[in-house]
Every structure is written in C-alpha cells, then in structure tokens.
1. For the stretch 1-17, give me each residue that is under 17 Å from Asp51 (Cα atoms) and buried (at least 24 other Cβ atoms within 10 Å of the Cβ).
2. Taking into account only those residues within the stretch 183-213 that are assigned to a strand (DSSP E or B) and in contact with a Gly (Cβ under 8 Å, 6 or more places away or on another chain), which is farthest from Ser10 (Cα to Cα)?
3. Is the stretch 55-74 home to any residue that is within 16 Å of the chain's Cα centre (by Cα), at pLDDT below 95, under 23 Å from Leu143 (Cα atoms) and not in a helix (DSSP H, G or I)?
4. Mind checking which pairs have a first residue in the stretch 141-161 that is within 13 Å of Thr174 (Cβ to Cβ) and a second that is acidic (Asp, Glu) and surrounded by fewer than 15 Cβ atoms within 10 Å (Cβ to Cβ), Cβ under 9 Å, 6 or more apart or different chains?
5. May I ask you to verify whether Glu20 is buried (at least 18 other Cβ atoms within 10 Å of the Cβ) and either touching a His at 6+ places or on another chain (Cβ under 9 Å) or among the charged types (D, E, K, R) (or both)?
6. Given Pro100, Pro78, which one is exposed (fewer than 15 other Cβ atoms within 10 Å of the Cβ), of a type outside the set (A, V, I, L, M, F, W, C), in a helix (DSSP H, G or I) and modelled with pLDDT under 95?
Amino acid sequence: MARITLFGASGTIGVRILDEALRRGHTVTAVVRDVNRLTRDDSSLNVVAGDVLNAEDVVRYTKDQDVVISAVGGGDGPGHQALIEPAARSLVAGLRTLQPGAPRLVVVNGAGSLRTAGGGQIWDTPGLPEFLLEIMHAHGDALAYLRGVDDVAWTVLSPAATITPGDRTGRYRTGGDDLVTDDAGVSAISTEDYAVALLDEVERPQHVGQRFTVAW
C-alpha cells in the first residue's frame with residue numbers, strides 16, 4: 001500500500017480521490033486549508049492544515065511519502081490563474097529538495113488543452129465564457145510547466161470534456177493528448193471513475209513524464 005499526500009482533498013474531485021485511495025487501503029495525508037471541511041473517520045487518514053503554495057508545508061507533508069497528488073482548484077477563473085500553475089511550481093520545488101528518492105507527483109488537470117477531431121483544442125471552441133477559458137488556460141500553463149521538468153517524476157491526468165459526480169463503474173478508456181470520445185462523439189466521465197483511473201496510475205505507473213486522459 002502506498003503512502004499518499006493529497007493536496008486539495010476537500011474539493012469535488014479531491015474528495016473522490018481520497019475516498020478511492022482509502023477504499024484501496026492506502027494511507028493518506030490530506031492537506032487542506034480548512035480541516036473542518038473534511039470529515040472522514042478512518043485510521044488510514046491524517047487530515048492536516050496546509051498551503052500548497054507554502055514551500056515549508058510542501059516539504060513537511062511530502063517527506064517520506066510514495067506519491068503526492070495535487071487536486072487543488074481555484075474556484076473561479078482568476079482563482080485558478082493564481083493557484084494552478086503556481087501550485088505545480090511549488091510542488092516541484094519542494095520535491096526537488098527531497099531528491100534522491102522524492103515521491104512521484106500526480107496532478108489533476110483540465111481538458112481544455114486536449115486536441116479535438118477538428119485539429120484544434122477544446123479551448124478553441126467558439127463561444128466559451130471567459131471564466132471557463134481562464135480555468136482551461138490555467139491548467140494548460142501548469143501542464144506546459146511540468147513538461148519542462150525532468151528531475152521530478154510527474155504525471156498529469158486530464159478528464160473527459162464533461163466530468164460530473166456520478167457512478168463508480170470502474171471502467172474507462174485512456175488517451176494521450178487527444179480527446180477521448182464514444183461512437184456518438186460524446187466525451188464524458190464521472191468524478192468517481194476519474195478517481196479510479198488516477199489511483200490505477202498511482203498503483204501501476206504507465207504515464208510517468210506524460211499527460212494522459214480518460215473517458216468512458
């Protein structure tokens with residue numbers, strides 16, 4: 001079983017990742033800004049207050065761990081711009097101080113930079129609201145930064161075009177930089193199955209130094 005540090009454990013996706021990790025018997029240190037937002041009674045869980053942008057917190061809570069998962073979110077568009085790429089930089093900086101033998105980094109990302117069948121990217125879709133474009137590009141900036149990192153083991157997981165809470169089916173299909181769709185052209189995944197895919201990657205690494213995506 002892995003020792004996992006999870007930043008952003010109280011968010012919509014983060015809490016599903018937390019539940020999936022505990023379901024599988026992993027030991028989780030959940031780093032959140034407000035410990036009162038996360039109520040889980042599990043002997044394998046340690047909930048601590050911390051800030052992903054604080055270098056001391058990153059080192060303190062990732063030392064001696066096997067995997068670090070970042071599921072942080074910034075709320076609105078400007079919030080994502082202020083948090084997502086800076087969080088990636090902060091985590092990498094902290095993990096560099098723990099080399100050799102630093103834990104792997106797995107990052108929750110967005111779908112906006114995925115390529116579509118038309119040859120563009122999702123964020124090129126006409127009519128998208130400005131706040132959504134800001135969120136998409138914040139995740140794109142984090143991915144671009146991580147792709148320049150070669151001294152920390154990282155993986156980025158982008159969801160389908162639509163990701164919402166739903167059923168845990170345990171099934172999904174994977175892709176690389178191209179949007180995964182079904183025969184009807186629909187790209188969707190539940191947050192629960194996204195968490196399944198992410199924990200599968202934690203347990204059986206297949207995409208170190210890469211971005212991959214999942215959809216039904």
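1. Answer for the stretch 1-17, where residues must be under 17 Å from Asp51 (Cα atoms) and buried (at least 24 other Cβ atoms within 10 Å of the Cβ): Ile4, Thr5, Leu6, Phe7, Gly8, Ala9, Gly14.
2. Filtering first and then ranking leaves Gln210.
3. Yes, the stretch 55-74 has at least one match.
4. Taking only residues 6 or more apart or on different chains, the pairs are Ser158/Asp177.
5. yes
6. Exactly one residue qualifies, and that residue is Pro78.
The values are calculated or read from the model by the stated rules, or taken from the named source; none is laboratory data. All figures in this text were calculated on a predicted structure; none of them were measured in a lab. Positions of Cβ are backbone-derived with ideal geometry, glycine not excepted, and every protein chain shown enters the neighbour counts.
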